[in-house]
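Here it is: the structure, laid out below.
The values are calculated or read from the model by the stated rules, or taken from the named source; none is laboratory data. Only a predicted model underlies this, so the values are computations on that prediction, with no experimental measurement involved. Virtual Cβ from ideal backbone geometry, glycine too; neighbours counted across all protein chains shown. Note: accessible area is taken over every heavy atom of the protein model, side chains too, but ligands, DNA and RNA are not part of it. Shrake-Rupley method; radii C 1.70, N 1.55, O 1.52, S 1.80 Å.
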Amino acid sequence: MASKAYLSIESVGVSFSRGAVATEVLRDVSLRVDEGEFVSIIGHSGCGKSTLLNVVAGLVPVTRGAVILDRQAVEAPGPDRAVVFQNHSLLPWLSVYENVKLAVDKVFAGKRSRAERRDWVMHNLALVQMTHARNQRPSEISGGMKQRVGIARALAMEPKVLLLDEPFGALDALTRAHLQDSVMEIHGKLKNTVLMVTHDVDEAALLSDRIVMMTNGPAAHIGEIQPVDLPRPRKRLEIDREPAYLNARHAVIAFLYARHGTVRDAA
Amino acid sequence: MSVPAPKFETVEQVPTPPDVQPTAVVLPLPRKGNGLLRWLGEAARQVASAVIPPVLVLAVLLAVWEMLMAGQTGGLPAPSTIWLESKDLILDPFFDRGGVDKGLFWHVLTSLSRVGVGFSLAAVVGIGLGVLVGVNLWAHRGLDPIFQVLRTVPPLAWLPISLAVFREAQPSALFVIFVTAIWPIVINTAAGVRNLPADYINVSRVLRLSPLEFFFRILLPATTPHVFTGLRIGIGMSWLAIVASEMLLGGVGVGFFIWDQYNSSRISDIVVALLWVGLTGYLLDRMVALLGRLISRGSAA
């Protein structure tokens, strides 16, 4: 198939072998994501949704199939697929500013002057409203702020696709809502292509253009894909009565709990 | 999807204002009026609470020691006897009458320079070996059991072997210090490297850091707290080895001084020297700990 999709996951299979025992995590996963699209991957714990994200990131090698981004096969990790990790993974010995600067210096060394790189760091910190804490260390700021800096670091790499690995999973509900709104706002401004792993149905329905539902592992695959036909910019308070939002939300819940409930499947 | 969803139509979202922008409010710490006086009072209180208890306990211990030993001849001299016999040594640590007849300050300084050389070598080799053992699985499997056995060998036991190998006192003494200090440095460094969080490795892979950049920008700072734990134990151990290593060196040095005074039955002088050894060891430990805190910016031991 001549692919026009920006990001294309082609029949990807992943198996891990530990000694003689091989575990098949993903089987025949195919997904196409257009440029500027926001796609969520949802599924029960252990279904391999994070593995799929790591495959796109290049952190986990495929056993079968391929990932193609902007007509190039993904073989290794790189800054064009910036990852926001679940537990922020900021370097604790660097300040907020230096954490972002590390990425900017590495990606834009030789391409931008020192002053331009400094402005770019500050620009991205401003995007996530973290300029005030630029000289603080990760241990001195809250979990939500750390995740903001993690997002700034990823955005600063100017990635072709932004990979979010349960970015708000460790945050309390109110902080999570703030960050979701920030991510929507940034996505509206920059039109990034985003792939987000989540286990939060509301979050997926609020943020995504499409929700990819994974079956339970082992050998997980894509069960269904649910589009969320809501115009952007979306307002949290306005969409939660929209039929498109409620339908999408219901479809995902029906998939996760009625058809792929962990307990029933395991029994 | 055409699935009817009566159950969810009435579900209410938590109402969150969509236009709330998180802002950080930076509150200045409240300034206290009359700052200097308050600060002085607070400082005095802290010093007192740190100094008074050990001073009291020390006084009690000295009193008990005095009572037990007073009037006896031979054995451990009482504090008053030590004061009478070793007054010169206590009051003037800086005298130098030529030869080995020097104040304790000069003995300690000479010993410190030996520990400095032996410990520095141990730090360089130990961190290098530790990184190797931490990074390379085969190096770990091959070397770690050997390290675990060797680290339990006491400093004195290394003495005859190092003499046999080096055939000279000076390098043998340095080797004893080196070999005593190196194991905790190797083992702690290796542990730090092996426990490097997978997240940091992923970050460096996404950024495509070169091996050199990874080493200096991720591995080294991430393992600094572990390395300094090793260095702290190591400097303590190397100071422990000083007496053993100076027994065969002769000349100036606090280890030899103790050995020499023992041979001439001047137990009082030994007690004074022990005090110097203890205080110096304590200062060394505090110095390495402080250095670790400075370098790892507060995240070390």
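Could you check residue A:233 against (1) surrounded by fewer than 22 Cβ atoms within 10 Å (Cβ to Cβ); (2) over 22 Å from residue A:90 (Cβ atoms); (3) more than 10 Å from every other protein chain (Cβ to nearest Cβ) and say which number it fails?
Going through the list (1) surrounded by fewer than 22 Cβ atoms within 10 Å (Cβ to Cβ); (2) over 22 Å from residue A:90 (Cβ atoms); (3) more than 10 Å from every other protein chain (Cβ to nearest Cβ), residue A:233 breaks only (3).
Answer yes or no as to whether residue B:149 is of a type in the set (A, V, I, L, M), without any contact (Cβ under 8 Å) to a residue 40 or more places away in the chain, surrounded by fewer than 15 Cβ atoms within 10 Å (Cβ to Cβ) and over 21 Å from residue B:232 (Cα atoms).
Taking the combined requirement at face value, the residue does not satisfy it.
Residue by residue through segment B:100-119, note down the ones that are open to solvent by less than 60 Å² (accessible area, probe 1.4 Å) and without any contact (Cβ under 8 Å) to a residue 60 or more places away in the chain.
Within segment B:100-119, B:103, B:116 qualify.
Identify, by number, the condition in (1) open to solvent by less than 40 Å² (accessible area, probe 1.4 Å); (2) under 20 Å from the mean Cα position of the chain (by Cα); (3) more than 14 Å from every other protein chain (Cβ to nearest Cβ) that residue B:276 doesn't meet.
All conditions are met except number (1).
Contact list please: Cβ distance under 6 Å, first residue in segment A:149-163 and at positive phi, second residue at pLDDT 95 or above and buried (at least 24 other Cβ atoms within 10 Å of the Cβ), pairs at least six apart or on different chains.
Sorted first by the residue in segment A:149-163, then by its partner, the list stays empty.
Scan segment A:238-257 and report the pairs whose first residue is more than 23 Å from residue A:217 (Cα to Cα) and more than 9 Å from chain B (Cβ to nearest Cβ) and whose second residue is small (Gly, Ala, Ser) and surrounded by 19 or more Cβ atoms within 10 Å (Cβ to Cβ), with Cβ atoms within less than 7 Å and a gap of 6+ or a chain change.
That search, which allows pairs on different chains as well, returns A:245/A:205.
Can I ask one more? Tally up the residues in segment B:166-182 that are part of a helix (DSSP H, G or I) and either more than 24 Å from residue B:127 (Cβ to Cβ) or not aliphatic (A, V, I, L, M) (or both), please.
Applying the first criterion (part of a helix (DSSP H, G or I)) to segment B:166-182 yields B:166, B:169-182.
Now narrow it down to the ones that are either more than 24 Å from residue B:127 (Cβ to Cβ) or not aliphatic (A, V, I, L, M) (or both): B:166, B:169-172, B:175, B:178, B:180.
Total meeting the criteria: 8.
Let me ask another. I need the full set of residues from segment A:202-222 which are under 23 Å from residue A:175 (Cα atoms) and assigned to a strand (DSSP E or B), in order please.
A:211
Within segment B:210-225, how many residues are facing chain A (nearest Cβ under 9 Å) and of a type outside the set (Gly, Ala, Ser)?
Within segment B:210-225, residues that are facing chain A (nearest Cβ under 9 Å) and of a type outside the set (Gly, Ala, Ser) number 5.
Something else: Among the residues of segment A:101-129, which ones are at the interface with chain B (Cβ under 9 Å from one of its Cβ atoms) and more than 24 Å from residue B:296 (Cβ to Cβ)?
Scanning segment A:101-129 gives A:107, A:129.
Continuing with this model, one more query. Just to be sure I understand, how many residues within segment B:194-223 are surrounded by 20 or more Cβ atoms within 10 Å (Cβ to Cβ), within 24 Å of residue B:124 (Cβ to Cβ) and either in contact (Cβ under 8 Å) with a residue 24 or more places away in the chain or of a type in the set (Ser, Thr, Tyr) (or both)?
Matching residues across segment B:194-223 total 3.
If I ask for residues that are of a type outside the set (S, T, N, Q) and either open to solvent by 10 Å² or more (accessible area, probe 1.4 Å) or within 11 Å of another protein chain (Cβ to nearest Cβ) (or both), which ones from segment A:188-202 would you list? Steps first, answer last, please.
From segment A:188-202, those of a type outside the set (S, T, N, Q) are A:188-191, A:194-197, A:199-202; that's our starting set.
Those that are of a type outside the set (S, T, N, Q) and either open to solvent by 10 Å² or more (accessible area, probe 1.4 Å) or within 11 Å of another protein chain (Cβ to nearest Cβ) (or both): A:188, A:189, A:190, A:191, A:199, A:200, A:201, A:202.
From the list B:166, B:175, pick out the single residue that is away from every other protein chain (no Cβ under 14 Å), crowded, with 19+ Cβ neighbours inside 10 Å and more than 18 Å from the chain's Cα centre (by Cα).
Working: B:166 fails: crowded, with 19+ Cβ neighbours inside 10 Å.
Every option except B:175 fails the conditions.
Which one of the conditions (1) within 14 Å of another protein chain (Cβ to nearest Cβ); (2) in contact (Cβ under 8 Å) with a residue 40 or more places away in the chain does residue A:77 fail to meet, given that it meets all the rest?
Here residue A:77 meets the rest and fails (2).
Give all pairs with beta carbons closer than 6 Å in which a residue from segment A:86-105 that is free of Cβ contacts under 8 Å to residues at least 40 places away in the same chain and more than 20 Å from residue A:163 (Cα to Cα) meets a residue that is among the charged types (D, E, K, R) and open to solvent by 20 Å² or more (accessible area, probe 1.4 Å); count only pairs at least 6 apart in sequence or on separate chains.
From segment A:86-105, the pairs are A:97/A:134.
Within segment A:116-150, can you find the residues that are closer than 10 Å to residue A:97 by Cα and of a type in the set (Ser, Thr, Tyr)?
A:131
Can you find a residue in segment A:25-34 that is open to solvent by 20 Å² or more (accessible area, probe 1.4 Å) and touching a His at 6+ places or on another chain (Cβ under 7 Å)? Lay out the reasoning, then the answer.
From segment A:25-34, those open to solvent by 20 Å² or more (accessible area, probe 1.4 Å) are A:25, A:27-28, A:30, A:32, A:34; that's our starting set.
Next cut, touching a His at 6+ places or on another chain (Cβ under 7 Å) only: A:27-28.
So far as segment A:25-34 goes, yes, one or more of its residues are open to solvent by 20 Å² or more (accessible area, probe 1.4 Å) and touching a His at 6+ places or on another chain (Cβ under 7 Å).
Then there is this: When the residues of segment A:58-91 are narrowed to those that are among the charged types (D, E, K, R) and assigned to a loop (DSSP other than H, G, I, E, B), which ends up most open to solvent (accessible area, probe 1.4 Å)?
My answer is A:71.
Exactly one of these conditions fails for residue A:95: (1) over 22 Å from residue A:13 (Cα atoms); (2) within 22 Å of the chain's Cα centre (by Cα); (3) among the small types (Gly, Ala, Ser); (4) open to solvent by less than 50 Å² (accessible area, probe 1.4 Å). Give me its number.
Against the list (1) over 22 Å from residue A:13 (Cα atoms); (2) within 22 Å of the chain's Cα centre (by Cα); (3) among the small types (Gly, Ala, Ser); (4) open to solvent by less than 50 Å² (accessible area, probe 1.4 Å), residue A:95 comes up short only on (2).
Which ones in segment B:181-209 are more than 14 Å from chain A (Cβ to nearest Cβ) and in contact with a Phe, Trp or Tyr (Cβ under 7 Å, 6 or more places away or on another chain)?
B:181, B:183, B:186, B:187
Look through segment A:156-179, keep the residues that are within 12 Å of the chain's Cα centre (by Cα) and open to solvent by less than 10 Å² (accessible area, probe 1.4 Å), and return whichever of them is nearest to the other protein chains (Cβ to nearest Cβ).
Checked segment A:156-179; the qualifying residue nearest to the other protein chains (Cβ to nearest Cβ) is A:163.
Looking only at residues that are modelled with pLDDT of 85 or more and among the acidic types (Asp, Glu) in segment A:236-267, which one is most open to solvent (accessible area, probe 1.4 Å)?
Among them, the one singled out is A:238.
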